[in-house]
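The values are calculated or read from the model by the stated rules, or taken from the named source; none is laboratory data. Because the structure is predicted, anything quoted here is derived from the model rather than measured. Cβ placement follows ideal geometry from the backbone for every residue including glycine, while neighbour counts extend to all protein chains displayed.
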Amino acid sequence: MKFSYAKSLSLSVVLFSLLPINVPAFAADPIRAMAVDAIEFRPDANVPGVATALIAGDPKQGPSYTVLAKFSPNTRVPAHFHPDQRVITVISGTYYLGGGEKFDEAALTAYRPGMVIIIPARAPHFSASREDGTVVEESGDGATGSTLTEEK
């Protein structure tokens, strides 16, 4: 009997097609999309005027997370820092951010929608919104938290 590579390949394809194939679990998970105005925000107990919504992950455990933060008009967040690096994307309104251990209105820089800001781990900073309020997306690697560097 003469060996035929083509027949051998055909037989392999047929046999392979009969075997169950393990598909990774994530392949079956649906892609989710959310409109920012349809997301349920909850007031942040530590920062009056700020409401948050968990989008992905868990900031208390990690390894990574994404939250949305909605600032009411004329909100001020006192100086603080986080143990992890933060990547902030401005979604709507104007976000005002400054670096330092005490809130300083003159040190605020205005960031408009579409801008991305990276705050290094343990870098003291403060933020604010003005008359239009703002929504930002914050991502980082948890577990995370905030440590005030000044009184509220």
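Got at least one residue in region 115-127 being more than 19 Å from the chain's Cα centre (by Cα) and either surrounded by fewer than 20 Cβ atoms within 10 Å (Cβ to Cβ) or outside any loop (DSSP other than H, G, I, E, B) (or both)? Yes, some residue in region 115-127 is more than 19 Å from the chain's Cα centre (by Cα) and either surrounded by fewer than 20 Cβ atoms within 10 Å (Cβ to Cβ) or outside any loop (DSSP other than H, G, I, E, B) (or both). Evaluating His80 against the criteria (1) out of contact with any helix residue (DSSP H, G or I) (no Cβ under 8 Å at 6 or more places or on another chain); (2) over 16 Å from His125 (Cα atoms) leaves one unmet condition, (2).
In region 137-150 there is at least one residue that is surrounded by fewer than 17 Cβ atoms within 10 Å (Cβ to Cβ) and outside any loop (DSSP other than H, G, I, E, B). Taken over region 44-95, the criterion of being small (Gly, Ala, Ser), part of a strand (DSSP E or B) and farther than 18 Å from Arg112 by Cβ is satisfied by Ala51, Ala53, Ala56, Gly57, Ala79.
Being closer than 18 Å to Glu150 by Cα and surrounded by 12 or more Cβ atoms within 10 Å (Cβ to Cβ) is a description that does not apply to Ala51. Taking region 85-108 as the range and being in contact with a Gly (Cβ under 6 Å, 6 or more places away or on another chain) and either closer than 15 Å to Val50 by Cβ or modelled with pLDDT under 95 (or both) as the test, the residues that pass are Arg86, Gly93. Of all the residues in region 102-152, those that are touching a residue at least 40 places away in the same chain (Cβ under 8 Å), charged (D, E, K, R) and more than 20 Å from Pro59 (Cα to Cα) number 7.
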